[in-house]
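We did not get these values from a lab; they are worked out from the coordinates using the rules stated. The shown structure was predicted, so the numbers you read here are calculated from the model rather than taken from an experiment. Don't worry about glycine lacking a Cβ; one is built from the backbone with ideal geometry, like all the others, and counts go over all protein chains shown.
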Amino acid sequence: MDQACVLLVDDEADLCRSLAQGLELTGHKVIATSQADEALQHVNRGFYGVLVTDIRMPGQDGFEVMRKAMEIDPALPVVLITGHGDVPLAVEAMRAGAYDFMEKPFSVAHLASVAERAIEKRRLVLENRILREDLADRSGLESRLVGRSAAMERLRRTVLALAPTDADVLILGETGSGKDVVARALHDEGPRKGKPFVALNCGALPAEIIESELFGHEKGAFTGASGQRIGKLEYAHGGTVFLDEIESMPLELQVKLLRVIETRSIERLGSNRSIELDVRFIAATKENLEQAGREGRFRLDLFYRLNVVTVPIPPLRDRLEDIPLLFQHLAVEARARYRREIPDVAPAYLAELASRPWPGNVRELRNVADRFVLGLEGGVADDEADGPGPGEGQGPDSLFDQVAAYEKALIEAALARNEGSIKATYEGLGLSRKALYEKMRKYGLSKDET
């Protein structure tokens, strides 16, 4: 964003000039004018700043200026300056959406403090709006595998490279990292899209029925087989079979699965007729299958057959910079499920999310987003949480400091993840080398401390 701006409107030229000079001395950029129409030319949905206007002015009064400005962007913070006796009118304006009002006489320091709080609120609105617009602009794979981190960029490139092929794939990732999402993306981004996508959780199927579920059976194949049944593998002909938690499959069934993968054919239980299959196999696991094979818990020959291509999914703790966009994406999904509007997210809350260990990965973050949309989680931005009140200073928990703490935490995490590599860090964060060094200097960070 550009530098924040105070848009000042007052028909008293001397007072307008004095206020503008005072605000500039406190570090604010100021656009001052005595003409309401001229001020409104600067207002748009991307305006980063606060509108400060006197109420009593010839022609259009401040109330009218506020109304027109909020027609352009209802989320624009407007501060009204009132004279003695104008307080009832100011209260009416507050009910109409004004951010704050100030009664003359007031100090420039007081105005600067109110403007600073309003600007922080505006920054929050714009950042949330940018996140939502960013999500709306994303389509295809970017709308599924959400994130700007280098790890997610690599994952999307890998999926796009593998999707058009029939290569069997082994997806490796922790619980809740999104293995099923990646499997579905491999299917939908390739030529098998539109054909069956059959997902089987090998850890959820009872051992006594898993063979029948996979291969199907003929009538009378076993007690209770009153009719012919098409198995999941046969049903998936032309499409994709996703075997989740493959490490949980019984060893005796692994032998049969290996034969199916090698021959691309099956025999229903109770039949000797071979049925050819045109399927692609995608397996997923949270374990090291090679190690499990050495320990006798998984067949190594099946591991080597599945391990044509391995796609690792990064845990959420290794891509903390993705949390703001990913959280917004999950909140949008929750909004559709629960038919609730999404509150604005306070930057301090995002900073707190980035400090969590996330053992449950994206699944855990999805639960948090659900609770947030349902109003059961903290983190909603409101005027009381935006910063100090009028005339109060910025304490250590001010919004500015909380946002800075969040940024510092992301950079520290990226440096640690990249073992102090400056190049990998600034590329992963989407920064220039110069920008990264400036931020490290600002926060007192060193690559040697990671």
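With r defined as the distance between the Cβ atoms of Thr223 and Asp278 and R0 fixed at 25 Å, what FRET efficiency is calculated, to the nearest 0.05? Efficiency for this residue pair is about 0.15. With N counted as the residues of segment 151-245, its alpha-carbon radius of gyration over 2.2 N^0.38 Å works out to 1.28.
Across the chain, Cα-Cα pairs farther apart than 28 Å form 62% of the total. Give the percent of DSSP beta bridges with both residues in the chain that are antiparallel, rounded to the nearest 5. Of the beta bridges lying entirely in the chain, close to 10 percent run antiparallel.
Residues Ile130, Ile171, arranged from fewest to most other Cβ atoms within 10 angstrom of their Cβ, appear as Ile130, Ile171. Hey, how much of the P(r) for segment 5-137 falls beyond 22 Å, as a percent of Cα pairs? Result for the distance tail: 31 percent.
As a calculated quantity, the FRET efficiency between Ile342 and Asn307 at R0 = 51 Å, using C-beta atoms, amounts to about 0.80.
Within segment 207-322, all pairs of alpha-carbon atoms sorted by distance into 10 Å bins from zero give the percentages 12, 40, 30, 13, 4, 1. A Cβ-based charge dipole, computed about the Cα centre of the chain with Lys and Arg at +1 and Asp and Glu at -1, lands at about 1960 debye.
Sorted ascending by nearby beta carbons within 10 Å, beginning with the fewest, Glu211, Glu287, Glu262 become Glu262, Glu287, Glu211.
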